[in-house]
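Colleague: Have a look at the structure that comes next, please.
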Amino acid sequence: MFKKIRGLFSSDLSIDLGTANTLIYVRDKDIVLNEPSVVAIRQSSNGAQKTVAAVGTDAKRMLGRTPGNITAIRPMKDGVIADFHVTEKMLQHFISKVHGNSFLTPSPRVLVCVPCQSTQVERRAIKESAMGAGAREVYLIEEPMAAAIGAGLPVDEANGSMVVDIGGGTTEIAIISLNGIVYAESVRVGGDRFDEGIVTYIRRNYGSLIGDATAERIKQEIGTAYPTSETLEIDVRGRNLAEGIPRSFTLNSNEIMEALQEPLSAIVQSVKSALEQCPPELASDIAERGIVLTGGGALLRNLDKLISEETGLPVIVADDPLTCVARGGGRALELLDKHAFELLTFE
């Protein structure tokens, strides 16, 4: 009863709980929060008590730079919860931040996006941590479905649409028709694997160690998936393994392309196998319409060119690919109120 009263003062939320970033879409307001999924935990001197030191952007700055009593954790791994308690605390923080200065504890209806091949146990963990964070009702929607709705694809028509959602931990590939998923595949390759590839390449070829944050910066600034005429360069500082002293060196975009070869070929291979499994009628729709890329990984330069070259199909990057999933979830919440329940595979 009390939850229902508190619910009157709360907004419906759609949460894209990602490995790298968490986005929250508030109904009728658009995206209101876009922060890294990082939590910094401070341990008391006797080690008995743990408190949350920072969440989101502030905590991300601490990654790899913390003293002994503070640990910066990423509670999501490969799109699912790795640390239940910390995820709950993170969601609690984000939900209250979105509601601002409400005098009652918010108790919203929440729709959370989950990877398409997550198990029942993983889904239940997500549901329970959202409940523990104060949600009064929790719905789950599969990520590629939300991405397709957010990208503005005609998911309700008898036409095939193909979505490739490249996130931080996973890449979700789905073929959608008539509000349902015809074929879905989830590969555990995403933005994090790109970063790891860059770290390994630099260690092997330059004998230097760099952190994940530096690798991410390199990926964003000069990363490319397909060779182009212009070559971008960046100066990087890392710890030289032979001398143990920080050294500076210059990288160019062709080297980074080489470093990303392995994760990229895994994604291309999955796209090809999805097309192989696709029913012929839907395949002809996809050949006409093309493949839509969403998620943060879609921002990698020339990734659309690479997939287009490998498959021979047109590839389109969605508008604002980072927020597609959260926006699609928000749209699904609106459909939920119009009693179009059959639209979504809610748990």
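Colleague: Could you work out the helix-only [θ] at 222 nm for the chain, with each DSSP H run of four or more residues adding -39,500 (n - 2.57) and the total divided by the number of residues, to the nearest 500 deg cm²/dmol?
Modeller: Using -39500 (n - 2.57) per qualifying helix, the result is -11500 deg cm²/dmol.
Colleague: May I ask you to rank Ser273, Ser161 by accessible area, largest first, using a 1.4 Å probe over the protein chains only?
Modeller: Reading off the accessible areas and sorting them downward yields Ser273, Ser161.
Colleague: On to the next question. Can you tell me, using C-alpha contacts under 8 Å and at least 6 residues apart, the relative contact order of the chain as a whole percent?
Modeller: Once divided by the residue count of the chain, the mean separation gives 19 percent.
Colleague: Something else: Please report the net charge: other residues with Cβ closer than 11 Å to the Cβ of Arg301, K and R +1, D and E -1.
Modeller: Around Arg301, the surrounding residues sum to -1.
Colleague: Within the chain, what percent of beta bridges assigned by DSSP are antiparallel, to the nearest 5?
Modeller: Looking only at bridges with both residues in the chain, the antiparallel portion is about 70 percent.
Colleague: Given the convex hull over the Cα atoms of segment 147-284, what projected area results after averaging over all orientations, in nm²?
Modeller: Orientation-averaged projected area of the Cα hull: 9.6 nm².
Colleague: Which three lengths, in whole Å and largest first, does the chain cover when its Cα atoms are put on their principal axes?
Modeller: Computed over the chain, the largest-to-smallest principal extents equal 66, 64, 32 Å.
Colleague: Further question: What share of Cα pairs, in percent, lie more than 24 angstrom apart in segment 1-145?
Modeller: The share of Cα pairs beyond 24 Å in segment 1-145 comes to 31 percent.
Colleague: While we're on this one: Which loop GluC sites (Glu not before Pro) in segment 242-329, with loop taken from DSSP, have no more than 10 other Cβ atoms within 10 angstrom of their Cβ?
Modeller: Loop-located and lightly packed - Glu243.
Colleague: Shifting gears a bit: Principal axis extents for segment 114-196, Cα atoms only, whole Å, descending order, please.
Modeller: Here the Cα extents, ordered largest to smallest, are 39, 37, 21 Å.
Colleague: To continue, here is another question. Treating segment 253-347 as a set of equal point scatterers at the Cα positions, no solvent, please give the Debye-formula log₁₀ I(q)/I(0) at q = 0.12 Å⁻¹.
Modeller: The Debye formula, applied to the Cα set alone, gives -0.53.
Colleague: Longer than 20 Å from Cα to Cα, which of Lys29/Lys60; Lys60/Lys219; Lys272/Lys305; Lys77/Lys305; Lys89/Lys127; Lys60/Lys89 are they? Say none if no pair is.
Modeller: Violating the 20 Å Cα-Cα cut-off are Lys29/Lys60; Lys77/Lys305.
Colleague: Here's another thing I want to ask about it. If DNA, RNA and ligands are ignored and the probe is 1.4 Å, what is the ranking of Asp78, Asp320 by accessible area, most exposed first?
Modeller: Asp320, Asp78
Colleague: Placing +1 on the Cβ of each Lys and Arg and -1 on the Cβ of each Asp and Glu in the chain, which of Asn302, Ala82, Ile31 has its Cα farthest towards the positive end of the resulting dipole?
Modeller: Ala82
Colleague: Hey, another quick one. Averaging over all projection directions, find the projected area of the Cα convex hull of segment 191-259 and quote it in nm² with one decimal place.
Modeller: Mean shadow area of the hull around the Cα atoms is 4.1 nm².
Colleague: For Thr228, list long-range residues whose amide hydrogen, built 1.01 Å from N in the peptide plane, is under 5 Å from its own amide hydrogen.
Modeller: none
The values are calculated or read from the model by the stated rules, or taken from the named source; none is laboratory data. What you see is a predicted model, and the numbers here were worked out from it, not measured in a lab. When we count neighbours, we look across all protein chains shown, and the Cβ atoms used for this are built from the backbone with ideal geometry, even at glycine. Note: areas computed on protein heavy atoms with side chains; ligands, DNA, RNA excluded. Shrake-Rupley method; radii C 1.70, N 1.55, O 1.52, S 1.80 Å.
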